[in-house]
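The values are calculated or read from the model by the stated rules, or taken from the named source; none is laboratory data. Owing to the predicted nature of the structure, the values given are computational and were not obtained by experimental measurement. We place every Cβ from the backbone using ideal geometry, glycine too, and count neighbours over all the protein chains shown.
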Amino acid sequence: MVAKRIIPCLDVKNGLVVKGINFEGLKEVGDAVEMGRKYSQEGADELVYLDISATNEGRNTFTELVERIADAINIPFTVGGGISSIDDASRLLDRGADKVSINSAAVMNPSLIDNIASKYGSQFVVSAIDAKMIDGKWVVTTHAGKKPTEKELYSWAKEVQERGAGEILFTSMDHDGTKSGYAVEAYKCLSEMLSIPVIASGGAGCVKDIVDVLSLGKADAALAASIFHYGEIAIRDLKLELKSNGIKVR
Amino acid sequence: MITIVDYAAGNIKSVTSSLARLGAEYILSSDPKVIAVADKVILPGVGNAATAMADLVEKGLVDAIKGRRKPLLGICVGMQLLCRHSHEGDVDCIGLFDNDVRKFIPSSQCKVPHMGWNSISNLESKLFKGVDGGSFVYFVHSYYAGLSTDTIATCRYADEMFSAALKYENFYGTQFHPEKSGDVGEQIIKNFISM
């Protein structure tokens, strides 16, 4: 059987990995290539790099960074942040990205998923969905959870699968940053209704949270950021714990 | 010197980066005369089998590949193109490996693409020198070649046992991506380079 994946997520601004601290600002936590290499050596199964610079200059720095990551790292990596056209995706593919993650742009323009998937294949397209619970319903949001949309999580997930996305990366904005565990029930529903892999994101605080989302939540992969960046959980130890809980890992 | 077949096959960058990390020299070429006689050739492949096959035909590369007597390694769709036929676009392929390529049937138990790290077993080739049975490598594919007499490594996904690697004479193919498979993958590429 295919192993469950552990995916560190690195937010990048001007070539450096950053982490938000209680909404008060960003703290630089390290060089993007070096951190990726370190995680890869420790047993990370994949990496996700998100460009959060949101300026043209930052975009260009990020594109160059993607090439340096591809040169340095021997495991797959996904890049995301501000990808809004097929040209953006092509540029990142040429620099060596294995997958692109499409978020808000697909909400505004769903056919972007069809277009990228039909040109480069479903395996290249990760559909990132941010959602939060509003009046008992999972509502898809944009702008880091601030703007609710008309879309509902499950029907949107089904739609992006049909449009050709190869994976779903669902972040619960209610859980993100809380370190109180993933939205386990929602992942279980997604995983049972979809025939593409589901990556869980948002809420990892301890090993048990990851065990729960991969077993009870049936997620195919667990993504986390701060617990890895601040050394709260070492990937090697995490893998041993997962194994002892009967979860197949590499 | 490794020659990488330069055709409509998606991500060639990951293969060149991998060779560069190992200190191997490489060139890209789509010239049939070069591909026919090059010392070692890698046929990469990401994307659609029918599209990739059409481009090999258009560039006049099919006979150049088929006639080779020195090592060639097909990766992912590159391996599938060395099989007889692919159901992806219902296309006849180069026909060196005694296999047809079929699609995994998607379900919540069998997510498609088969994406991620899976273990390979029954390793039977010098391509896997120094690699233990049960090692994990990285797969991304929706189509697979079943087992045949050319199978040199197996993998199980959902209820399907399929060929993780194939070999016929001087032709090798891996369904997984050695260039993305960490240290195990690097060992496999090194083994190919030193053939």
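Side notes on the structure shown:
- Qualifying helices (runs of 4 or more DSSP H) (wholly inside the range A:162-250; at least 3 residues being within 17 Å of the chain's Cα centre (by Cα)): A:184-193, A:207-215, A:226-229
- Failed condition for B:Ile65, given (1) β-branched (Val, Ile, Thr); (2) within 14 Å of chain A (Cβ to nearest Cβ); (3) assigned to a helix (DSSP H, G or I): (2)
- So B:Phe176, is it away from chain A (no Cβ under 14 Å) and within 19 Å of B:Leu72 (Cβ to Cβ): no
- Residues being under 22 Å from A:Ala3 (Cα atoms) and not in a strand (DSSP E or B) are entirely absent from the range A:148-156.
- Which numbered condition B:Asp159 fails, given (1) out of contact with any helix residue (DSSP H, G or I) (no Cβ under 7 Å at 6 or more places or on another chain); (2) over 21 Å from B:Ala49 (Cα atoms); (3) more than 13 Å from chain A (Cβ to nearest Cβ): (3)
- From the options A:Ser111, A:Ser84, residue that is within 18 Å of the chain's Cα centre (by Cα) and surrounded by fewer than 16 Cβ atoms within 10 Å (Cβ to Cβ): A:Ser84
- Residue in the range A:1-27 that is farthest from the other protein chains (Cβ to nearest Cβ), counting only those that are among the hydrophobic types (A, V, I, L, M, F, W, C) and part of a loop (DSSP other than H, G, I, E, B): A:Phe23
- Verdict on B:Thr154 being at pLDDT 95 or above and either closer than 23 Å to B:Ala64 by Cβ or assigned to a loop (DSSP other than H, G, I, E, B) (or both): no
- Screening the candidates A:Ala165, A:Ala186, A:Ala157 for the property of being modelled with pLDDT of 95 or more, more than 30 Å from A:Thr61 (Cα to Cα) and within 14 Å of chain B (Cβ to nearest Cβ) yields one hit, A:Ala157.
- For the range B:89-105, the tally of residues that are without any contact (Cβ under 8 Å) to a residue 60 or more places away in the chain and under 15 Å from B:Met161 (Cα atoms) stands at 6.
- Checked against (1) over 19 Å from B:Glu179 (Cα atoms); (2) buried (at least 23 other Cβ atoms within 10 Å of the Cβ); (3) not small (Gly, Ala, Ser), A:Val79 passes all but condition (1).
- Subset of the range B:32-68 [β-branched (Val, Ile, Thr) and more than 23 Å from A:Gly166 (Cβ to Cβ)]: B:Val34, B:Ile35, B:Val37, B:Val41, B:Ile42, B:Val57, B:Val62, B:Ile65
- Only a single criterion out of (1) buried (at least 21 other Cβ atoms within 10 Å of the Cβ); (2) more than 16 Å from B:Ala8 (Cβ to Cβ); (3) out of contact with any strand residue (DSSP E or B) (no Cβ under 6 Å at 6 or more places or on another chain) is not satisfied by B:Ile65, namely (2).
- Qualifying positions in the range B:157-175 - assigned to a loop (DSSP other than H, G, I, E, B) and among the hydrophobic types (A, V, I, L, M, F, W, C): B:Ala158
- So A:Asp209, is it crowded, with 23+ Cβ neighbours inside 10 Å and either under 22 Å from A:Asn109 (Cα atoms) or not aliphatic (A, V, I, L, M) (or both): yes
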